[in-house]
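FYI, it's all coordinate maths here, none of it is from the lab. Predicted model only: the values in this text are computed from it and were never measured. As a convention, Cβ positions derive from the backbone with ideal geometry for all residues, glycine included, and neighbour counts pool all protein chains shown.
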Ligand code: BGC
């Protein structure tokens, strides 16, 4: 449909009809599902109201949505199709590793491939929009939702955001197999104070612009079609009614023209925050701030019409919001084909298909991070092995936002070993509490694989924890097993970087498996047995304890820094008495079975102007006997500026493959843009002076070179 037809349609719609378009309700409002509870039971809406709304949340299935679409189109006065939106976060029926794991692949191309596969499955099931990617920068692993983020770094999250948008939408999300994508949660949801979900944020203007906003901007630049607001406040204003954030920054400054949707129930929450008087006031503030679609409140449904009729809200605000939604529907092709790709046949063909299950395994090969290895790994396959811990045979490692995953088919670690290595000599004790059996199995074994951490019920929305160490039972299990056998390989499951300093010190090897999705445990087994060379890198620092949080490699010097490499507490310097300043394992850390050698950094020149470029190169060699993948990372520091700059910032990344003995030259171009920052006047530009850059395999690399911006 061309724009003039959309405009004519809008013109022909009544105010009531337009407002109905802006309301999103979930499936239970259509009857037949679960009974409505809480505030939703109180929504005082006409009985057939749900059938006239513009979008529906959380429903899926080609046949079901086909029928629902027919009903909606029959009841909507202009027969406007609804758009079906839901959360397809890390896969649809095939679950891929959770986003924090995908971030740890350090491979945005992989993220694109996974998003594309998820789009194929979801679109076949009749879904039009996914509420993904979640791009919130997460530096506090107390926050359960760090699981949904690709990590702590603004630049890296931006790379992943762009890649996922591309994977979901392709170059045209109206095409077959594609869905429209919604970046969330705007903004700075990852900065909730004390890591407690839904809490306030306290961030300076500079930190907001420099550390938190860039990934959303990257999603917008990549053409994301929707943005979702966040539950938190920024500078004491709830994001959902934050005009400056949405009208000034998102729309005006960044030029975002897509649909802005609130998070679930968020307009109403502005009343509970104490920022809106009542539902009517909340509706006014939200529409004025730029929210187009109201997700599951009755604020727009009940009060927007009154607000327009009494002249408080100009109808033009409603019109522009409806137009954006109509444009989304139009780009999805819904006016021509309201079911888009939903078909029983495609659903059967693509959902949980062999190709996607293989992709789930391949993804986990890249996402699993080898944190420590004293040489015990890889296993030869000849050892007598004891696999201990409840998580070794728990299907709840599929991942929190795998809403539609075939969970019953998720492969556990035990199943992976049994299927892939049936001849291995393995005794299983699938329990955290049966220490007696664990100890006797450990005593009889050459090596113990201890599966510890959290299953999916301990991470995700609202799952904040103040103490992020292992559960008491698991700590006891570890100690008892350690007394019986010191050759422990700890496999950590979970959606957050846990604090495990003692277990890390005592383990011979430690592997971060995250929540690896449908077939990820095959990858974990293959890594343990050396069939696959690990290549994951932490995209979020692993702290020693909660007291270090929030933490990031991209920290600032104080006026009293602790000298590099200094150990123990030093009075009157900036350090803790009980733990180091640095995390247990930093951002970018991850080991390989190969010895990867970096040459010194070479610069083609030592000076540049802001319009010029310097090429920085290294030669990277695989001295090992296995093929390897290496995440070559570029970090830069601005030594002195008008405001204090971070000690290191990731500015470039290339994930390369290296055959045994192969060497490759990896080059990065340093541009003026890369050196830019918000200066003392909040102007984004570079300042002349000295810089240091590093190229290496982790944020701890010391492989550096200096240059000057003249
Ligand atoms: C979450 C969003 C999600 C929405 C819809 C909310 O509770 O915060 O991330 O997209 O629900 O399911």
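Our note on the geometry: Cα centres of region 657-710 and region 335-413, 35 Å apart. Projecting label points 7 angstrom from Cα along Cα→Cβ for residue 109 and residue 42 puts them 5.4 nm apart. In percent, rounded to a whole number, the relative contact order of the chain is 14, using alpha-carbon pairs under 8 Å and six or more apart.
Extension gain, residue 236 to residue 502: 0.36 nm times the residue separation minus the Cα-Cα distance gives 91.8 nm. In plain terms, the residue of 541, 141, 676 with the fewest other Cβ atoms within 10 Å comes first and the most crowded comes last, giving 676, 541, 141.
Relative contact order for region 225-368: 20 percent, from Cα pairs under 8 Å spaced at least 6 residues apart, divided by residue count. Summary value for region 531-641: 31 percent relative contact order, contacts being C-alpha pairs under 8 angstrom separated by 6+ residues. In terms of the mean number of neighbouring beta-carbon atoms within 10 Å, the peptides 570-578, 160-168, 69-77, 53-61 order highest first as 160-168, 53-61, 69-77, 570-578. Simple spin-label estimate for residue 703 and residue 425 gives 4.1 nm between the two label positions (7 Å along the Cα-to-Cβ direction from each Cα). Shown is the FRET efficiency for residue 643 and residue 671, computed with R0 = 22 Å from the Cβ-Cβ distance and rounded to the nearest 0.05: 0.60.
Taking the longest Cα principal axis of the chain as reference, the axis of helix 3-12 is set at about 50 degrees. With Cα atoms defining each centre, region 271-288 and region 86-162 are spaced 31 Å apart in the structure. To the nearest 0.05, how large is the calculated FRET efficiency for residue 171 and residue 75 if R₀ is 30 Å and r is the Cβ-Cβ distance? In this case the efficiency is close to 0.30. Within the chain, antiparallel bridges make up roughly 55 percent of the DSSP beta bridges whose residues both belong there. Among 393-399, 609-615, the peptide with the highest mean count of other Cβ atoms within 10 Å heads the list, and the full ranking is 393-399, 609-615. For residue 1 and residue 320, what is the calculated FRET efficiency with R₀ set at 22 Å and r taken between the beta-carbons, to the nearest 0.05? According to the calculation, E is roughly 0.75. Counted by neighbouring Cβ atoms within 10 Å, the residues 146, 519 run from fewest to most as 519, 146. When each of 335, 404 is scored by the number of other beta-carbon atoms lying within 10 Å, the sequence from fewest to most is 335, 404.
Relative protection proxy for 417-426, 554-563, 666-675, from highest mean packing down: 666-675, 417-426, 554-563 (other beta-carbon atoms within 10 angstrom). With equal scatterers on the alpha carbons only and no solvent term, can you work out the Debye log10 of I(q)/I(0) for region 464-511 at 0.19 1/Å? Cα-only, vacuum Debye calculation for region 464-511: -0.60. Report the paramagnetic label zone for residue 692: residues of region 648-662 whose backbone N is under 13 Å from a point 7 Å from Cα along the Cα-to-Cβ axis. Once the point is set 7 Å along Cα→Cβ of residue 692, 648-649 turn out to lie under 13 Å by backbone N, inside region 648-662.
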